[in-house]
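Please read the structure below before turning to the comments.
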Amino acid sequence: MGDLHLSADRPDITQAFVYFLNYGLDDAEALYIIGDLFEVWMGDDIAESFSVVIADAIKMVSNTLPVYFIHGNRDFMVGKQFCQRAGMQVLPEVYCIDLYGVNTVILHGDSLCTLDVDYQRFRRFRSFRVVRWLYARLPKKTRLNIAAKIRQKSVQGNQQKHYEIMDVEPSAVTELLASTGCQRMIHGHTHRPAIHQLSATHQRVVVGDWYTQGSVLNVNEHGCELVTLPFSDTK
């Protein structure tokens with residue numbers, strides 16, 4: 001799963017997520033959260049109070065099965081303190097694994113949107129450790145103001161961008177599958193859930209977002225299945 005975009009002003013999403021953690025993982029062998037767990041995250045030291053509920057709920061799951069986390073573009077500042085409290089194991093931004101006999105590469109997906117030149121420039125900038133180190137040491141008020149501006153700019157920018165620019169670039173997908181030697185790719189970020197059969201041997205799977213309903217990708221020995229979770233069913 002990915003792209004939950006949890007925030008204090010969307011308690012319905014938080015409720016649905018906690019419900020899923022409590023009742024939707026009976027047959028699971030592991031849980032992967034592949035980015036944008038939070039709508040915005042400005043540092044573990046200024047996390048909103050509701051995030052404690054999230055951390056404790058994930059921790060309960062991690063006591064019985066492994067929980068893996070990949071940073072997204074909205075929560076790239078999630079740090080060791082929160083991950084330790086939640087019992088999450090942090091994976092590299094591009095992670096390869098054998099899932100039931102299929103070599104699979106897992107990532108958030110923002111790196112594949114290569115036509116969005118402005119965003120890719122920002123992404124490279126914030127990927128430097130020194131940038132994140134300096135950012136984490138800015139005054140709390142300054143970081144919160146930056147977060148508000150980033151969210152506002154993101155909404156305005158997305159409204160002006162064409163569909164193709166905000167989606168993954170096919171050549172980036174092909175290159176990553178080739179360089180990793182994987183047959184399957186799983187990512188989020190675009191909020192366009194689908195299972196794309198690229199060829200007889202290669203597949204790209206996009207997880208859904210949680211804005212209007214829950215969305216989970218189940219992977220087992222039989223393949224992949226996208227499952228929607230209506231919020232009304234979690235009350």
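With a 1.4 Å probe and all protein chains left in place, how much accessible area per residue does the chain have, in Å²?
53
Out of these labelled values of mean projected area of the Cα convex hull in nm², (1) 17.2; (2) 20.0; (3) 12.7, which was calculated from the coordinates shown here?
After the calculation, the listed value that fits is (3).
Compute the length gained on full extension between L134 and L226: take 0.36 nm times their separation in residues and subtract their Cα-Cα distance, giving the result in nm to one decimal.
On the way: separation 92, 0.36 × 92 = 33.12 nm, distance 3.93 nm.
Length gained between L134 and L226: 29.2 nm.
Give the ranking of K140, K149 by solvent-accessible surface, highest area first, calculated with a 1.4 Å probe. Mind showing how you got there, number by number?
On the way: K140 105, K149 145 Å².
Heavy-atom accessible area, descending, gives K149, K140.
Enumerate the calculated ³J(HN,Hα) couplings along the range 99-113 in order (Karplus 6.51 cos²θ - 1.76 cosθ + 1.60, θ = phi - 60°), each rounded to whole Hz, writing x wherever the residue is Gly or Pro.
In residue order, the calculated couplings are 9, 6, x, 10, 5, 10, 9, 10, 7, 5, x, 5, 5, 8, 8 Hz.
How big is the range 74-131 in terms of Cα radius of gyration and Dmax, in angstroms?
Expressed in Å, the Cα Rg and Dmax of the range 74-131 come to 14.2, 39.
Whenever you get a sec, line up Y19, Y119 from highest to lowest accessible area (probe 1.4 Å, protein heavy atoms).
Greatest to least solvent exposure: Y19, Y119.
Dipole of the chain (Lys/Arg Cβ +1, Asp/Glu Cβ -1, origin at the Cα centre): which of G223, A28, P139 lies farthest to the positive side?
P139
Hey, what number do you get for the chain at 222 nm if only DSSP H runs of n ≥ 4 count, each worth -39500 (n - 2.57), divided across all residues, to the nearest 500?
Numbers: 8 runs with 87 residues, N = 235.
Rounded to the nearest 500, it is -11000 deg cm²/dmol.
In nm, what is the difference between 0.36 nm times the number of residues separating T142 and S171 and their Cα-Cα distance?
So the chain would gain 6.6 nm between T142 and S171.
Quote the FRET efficiency, to the nearest 0.05, computed for Q197 versus L25 with a Förster distance R0 of 25 Å and r equal to the Cβ-Cβ distance.
0.35
Keeping all protein chains in the complex and leaving out DNA, RNA and ligands, what accessible area do you get for I97 with a 1.4 Å probe, in Å² to the nearest 10?
40
The values are calculated or read from the model by the stated rules, or taken from the named source; none is laboratory data. This one's a predicted model, so the numbers in the text were calculated from it and none came from an experiment. Positions of Cβ are generated from backbone atoms using ideal geometry, with glycine treated the same way; all protein chains shown enter the neighbour counts. Protein only, heavy atoms only, side chains kept; ligands, DNA and RNA dropped before computing areas. Shrake-Rupley method; radii C 1.70, N 1.55, O 1.52, S 1.80 Å.
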